[in-house]
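Inspection log for the structure reproduced underneath, given as structure tokens.
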Protein chains: 4
Amino acid sequence: MPQQGTLGVAVIGTGRMGADHVRRIDEVTNGARVAAVVDIDAERAKSIADRIEGCSAYTEPAAAMASPDVDALLIASPGPAHEAAVLQAFEHDLPVLCEKPLTPDAASALRLIEAEQRLGHRRVQVGFMRRYDADFTRLKSLLDAKEFGRALMLHCQHRNASTPPGFTSQMMINDSVVHEIDTTRWLLDQEITAVTVLRPTPSTAAPQNLSDPQLVLFETSGGAVVDVEIFVNCGFGYQVRCEAVCETGSARVGEESGLLTSSAGRWGGAVPQDFVDRFADAYDRQVQRWVDATRRGEIEGPSCWDGYAAAAVCEAGVNAQAIGRRTTAELIERPALYR
Amino acid sequence: MPQQGTLGVAVIGTGRMGADHVRRIDEVTNGARVAAVVDIDAERAKSIADRIEGCSAYTEPAAAMASPDVDALLIASPGPAHEAAVLQAFEHDLPVLCEKPLTPDAASALRLIEAEQRLGHRRVQVGFMRRYDADFTRLKSLLDAKEFGRALMLHCQHRNASTPPGFTSQMMINDSVVHEIDTTRWLLDQEITAVTVLRPTPSTAAPQNLSDPQLVLFETSGGAVVDVEIFVNCGFGYQVRCEAVCETGSARVGEESGLLTSSAGRWGGAVPQDFVDRFADAYDRQVQRWVDATRRGEIEGPSCWDGYAAAAVCEAGVNAQAIGRRTTAELIERPALYR
Amino acid sequence: MPQQGTLGVAVIGTGRMGADHVRRIDEVTNGARVAAVVDIDAERAKSIADRIEGCSAYTEPAAAMASPDVDALLIASPGPAHEAAVLQAFEHDLPVLCEKPLTPDAASALRLIEAEQRLGHRRVQVGFMRRYDADFTRLKSLLDAKEFGRALMLHCQHRNASTPPGFTSQMMINDSVVHEIDTTRWLLDQEITAVTVLRPTPSTAAPQNLSDPQLVLFETSGGAVVDVEIFVNCGFGYQVRCEAVCETGSARVGEESGLLTSSAGRWGGAVPQDFVDRFADAYDRQVQRWVDATRRGEIEGPSCWDGYAAAAVCEAGVNAQAIGRRTTAELIERPALYR
Amino acid sequence: MPQQGTLGVAVIGTGRMGADHVRRIDEVTNGARVAAVVDIDAERAKSIADRIEGCSAYTEPAAAMASPDVDALLIASPGPAHEAAVLQAFEHDLPVLCEKPLTPDAASALRLIEAEQRLGHRRVQVGFMRRYDADFTRLKSLLDAKEFGRALMLHCQHRNASTPPGFTSQMMINDSVVHEIDTTRWLLDQEITAVTVLRPTPSTAAPQNLSDPQLVLFETSGGAVVDVEIFVNCGFGYQVRCEAVCETGSARVGEESGLLTSSAGRWGGAVPQDFVDRFADAYDRQVQRWVDATRRGEIEGPSCWDGYAAAAVCEAGVNAQAIGRRTTAELIERPALYR
């Protein structure tokens, strides 16, 4: 892997997120290029590769990894395909930026943790892009500096305008609240030890069989309590807010800002309509930082451990949601590689 | 010399709240005058009465009620004294504005409800003054109009700078969260059916033996879920916020406003330091509206039922706090007088 | 005039403002009652008086002043009638709260100043109610304390949704900007020495012949510069904002606050639709403070000097508006009575 | 090793802004590389070039332009050196991103306009980076869409914490207000036709001989009026705000946002301390967009005409500042190349 020079990235999976990452690396990211795209749909892969100079198309991740042009992998295929791709990457000792979730469940995430330990060094960064959002980064700095003492509680809201067909209550945990799971663990530097889910009478705007909204509660290893409103059919846009309540002060991000207007008897601003709009900069920064680190031969950002912990807490959350009671989240002891 | 039609009010209890109500009726409220003050400390009562034209001092509520100058009672004595005073007021059929709590527990509140039913008409308004705050009133109007559909959740924060000596975890429910209990019941027009209390590791700023902050959860008869942060030693001031999450929109009150400054690398405003500062107008408006209604021979505002329901939920809350589990709140069937 | 007891007020003029003051004194103000109403329309006066206990109706201010029930005057008749009414009040040595403007021009205001000096003590408070607005009061305190050093500039915006028929460019100065004239003089404790008016191409929403909006500039005796946007057909509501730029910080009032909503892709709040909505509390507080002071035998608040200075600056402003050039505002030396 | 199609940029001048642009192109910008750096200080140039693969050092702009590795120029040398460098770039027909000001005065800017017309196509983009700020871009879109009708006024504030030694009143126009000059012309799509400068008594925090703050007024060809507070020793940070007052609504950018804290009796956020902090993203986006356009063989963004117009208005502004009167700004007829 070149220490100098442009990083050749293979993007695995070219669906919505994958195609966006191809565009990002091609047009936004400094110091990297799309060397390969991989998709089981050969035609789709080829049509993308043809538009980018020096980019090859593959249908198998392994084939791309074997190319001398490929220095690193960005995995954006569906979650169930992640484990195999990451294991192959370990064989080639290639750095990986793996879209969240690391894998769909804790057991498979644990297998990756074991494999990475056998490899002996970290290779995987998980795509929890909120860690690269400018406001969340400021909040993290404030908490790390203990400016207001220890964090005692987090209040989180996570709202989507609406859900695509087939969205389930379990996905509210696995696909949506998983971000608050990582945010909680990252901001507090603590593991989540128990989950409780409260389900109010659903909104009439929610699709049938979807219990929306829900209130998800976390307890952490350091004794903090976290409440998360997850509301995926709020109708009015995409809103992510987080307030950290500390011993001598509180700090919030995600409040309204930007262009303010007054007209027709109202003042205010626009609510972004989806996560791409809200977190576009965070996605750009995430990939850029991963490329920069990879070119230096380093690894930083969320690890397999973070992917595993999120998966384990999601499992507890889905269970808590189903049985309507507090459920503990059990983690293995943290391996030395991830300390 | 009082103009004809002016309401003669006896203020029972002249501690912090009582003395403030005396000042309010004397200097702020239109259409009323302080006709009597009652305190077990005779000297204290006399020194206040002497400063107000036409005001008599008593040590017994009953003596004041017997005076022809007294048209109505404002009870601001300690909670345990409320029941006897209200019962005596019923004997004289006098209108009462009773500071919260109505009584210290549900059983005694129930006795007042029974007595008022025997009396046959409402005489008591309970001092839940948030119902008279301009911002909360706007929120109530928006919810009543179902502008954004049904309310699904409330997120509440209730913070005090610090607590006086002797403040207990139970008082966090009975004296502080009781406001959110009434706010929830009033805003949603539903009863609270269950309470859960989560206790994070206390702040080091909290006095020993005080589990501060806490997260209190309500479930309501209409299926709504409410979370309340109660943090009575937050250090930085007095903050009360409430967000109603509805089917097609959310609405918040209690956000920062007023004088905005930029200086020394910071922008922002002042945080009020106590509830008198934050809710001064609500207190004024509460007494004014009570006086106005009383002079018209009417009764409005929070009733004995509201006082009883708050007491019953407080009992459930204190229990939930102690046992660390969800506790149901059981209410008697709502009597016709309060429908 | 009674030092104790309820203040008997005669309200002169029962148009929009006058009728509102009658309601205020009758229903809101503590310590005062409407003893008399005066209107050239006898029937109108009588119909109001009939609804208030102990209130008499008159068609002549002098007749009301002669009544033993009248302790003080609130003048809310049209501006041209103020001079005569105030002079008569001086004859009866009665305290006066006079709606702005004191008089319609500087010459007549000066005659009142001379008369009040002959009387030998202040009797008149002018109705610049912004001085009683909670936010403006906080701004004044900050400036008086020189928290951020000396004020160097003020930026003001004054917007109305729309104007009634017959509203002229001159009225934009005399009826609207007159508030910023008083605000400037009060906040800075300086006189205005020159006025410049810039007239952008009018809004198509402005009535024909109305040059709306305009930018009005003040220079003050202490070397401060003030810009005022006056826009009386902005369409979206009533907005009054003021930012004081000081040596080490800036401070603003009038920013958005209150109930915040998120819905239909927008977040924000309501813009009040007129000055009664925005400044209701200031009006209440103004009259209350005047009653309180009058009952103590004192006079405070904006004086005849403030009314005269506003009139003189309005004259300079109307002139600057007409000739399109900077115009100096000349004041007589400030008499001892007003220092 | 640069990928094919990568734009080789020579950065002329490696002072504060130049060094920052070198870092930007090397680390942030996609699709470009620093092929050469030019500085009269040969050692400085060499030490920078040595850290970047494939980057050569020069002391003469002409020498860099002659290199086959150089595809485009980013000029960040002092303003007086811009004219010669741009003229040489025209000889080589190279695309140029020229830091503002285009040149220090209108006459020299006009010479560049004439030379670019002789060249027959646009080659120069001027570094008015606010046009790339996310919030200003939203404001521009709203104005272009005439969402609230025509813009009637702009209110602008431009504040710096403090000035370096040697900063003059003229520089307040030429270096600071020049941004509002471009913002006004860009947002309104109109030329500025007259300038007036008002000078309040300076802040005691201002260095001797610096008349700080000032209020600068623009009148535009479309009849709009613009006021600009320029305050370069405000002490508390860097603040840039702009409100467009339109026929049926107003729109503002630059208001406070980001991380909100409550502590020690205050709520609020941090004020950025300089323009790099506030406009970092705009700088990144500006260079990226210039690189993208240049690689497509196109030119967009602020032109020589914009540079000339800014210089001409600055001249009028400095004159207005000196004589204390309104000064007209005269522009040549806009050449076809810039329409």
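Miscellaneous remarks
- Convex hull projection area averaged over all views, segment B:211-339, Cα basis, nm²: 12.2 nm²
- Residue-averaged beta-carbon neighbours from other chains (10 angstrom radius) around C:239-245: 3
- Calculated FRET efficiency for the pair residue C:47/residue D:145, C-beta based, R₀ 41 Å, to 0.05: 0.20
- Within-10-Å neighbourhood charge of residue B:214 [Cβ basis; K, R +1; D, E -1]: -1
- Shielding by partners for peptide A:142-155, expressed as the average number of C-beta atoms from other protein chains within 10 Å of each residue's C-beta, is 4.
- Among the GluC sites (Glu not before Pro) found in segment B:1-105, those both in a DSSP coil and sparsely packed, with 13 or fewer other Cβ atoms within 10 Å of their Cβ, are B:53.
- Shape of segment C:117-164, Cα gyration tensor, a/c cut at 1.5: oblate
- Prolate/oblate/rounded label for segment A:208-280 (Cα gyration tensor, a/c 1.5): oblate
- All Cα pairs of segment B:217-259, percent lying beyond 17 Å: 49 percent
- Loop-located chymotrypsin sites (Phe, Trp or Tyr not before Pro) across segment A:211-277 with a Cβ neighbour count of 10 or fewer within 10 Å are lacking, with loop assigned by DSSP.
- Considering only chain D, percent of DSSP beta bridges that pair antiparallel, nearest 5: 50 percent
- Note on segment A:66-130: the C-alpha convex hull projects to 4.5 nm² when averaged across all orientations.
- Quarter the surface of the alpha carbon convex hull of segment C:139-204 and you get the mean projected area, 5.9 square nanometres.
- DSSP H segments from chain A that extend 20 Å or more along their own axis, Cα-based, with Kyte-Doolittle mean of 0.5 or above: A:304-323
- In terms of its alpha-carbon gyration tensor, segment A:280-339 comes out oblate; a/c meets the 1.5 threshold, while b/c is at least as large as a/b.
- Other residues within the sphere of radius under 14 Å centred on the Cβ of residue D:203, judged by their own Cβ, net out at +1 (K and R +1, D and E -1).
- Kirkwood Rh in Å, taken over all unlike Cα pairs in the protein assembly as shown: 35.1 Å
- Among chain D residues, the one whose Cβ is nearest the axis of the rotation from D to C, given with its distance rounded to whole Å, is D:227, 3.
- Packing-based exposure ordering (other Cβ within 10 Å, fewest first) of D:6, D:328, A:137, A:103: D:328, A:137, D:6, A:103
- Per-residue Cβ neighbour rank within 10 angstrom, fewest leading, B:40, C:323, D:173, B:181: C:323, B:40, D:173, B:181
- Selection from B:301, B:244, B:263, by position along the positive dipole direction of segment B:240-313 (Cβ): B:263
- Value of [θ]222 nm, deg cm²/dmol, for chain A, DSSP H segments ≥ 4, -39500 (n - 2.57) each, nearest 500: -10500 deg cm²/dmol
- Quotient of C-alpha Rg and 2.2 N^0.38 Å, computed over segment D:47-155: 1.36
- Net dipole in debye of segment C:116-175 [+1 Lys, Arg Cβ; -1 Asp, Glu Cβ; about Cα centre; nearest 20]: 220 debye
- Seen from residue A:249, the other residues with C-beta closer than 10 Å to its C-beta sum to a net charge of -1, counting Lys and Arg as +1 and Asp and Glu as -1.
Every number in this text was worked out from the coordinates using simple rules, so none of it is lab data. Computed from a prediction, not measured in an experiment: that's the story for all the values here. Please note: Cβ atoms are built from the backbone with ideal geometry, for glycine as well, and neighbour counts cover all protein chains shown.
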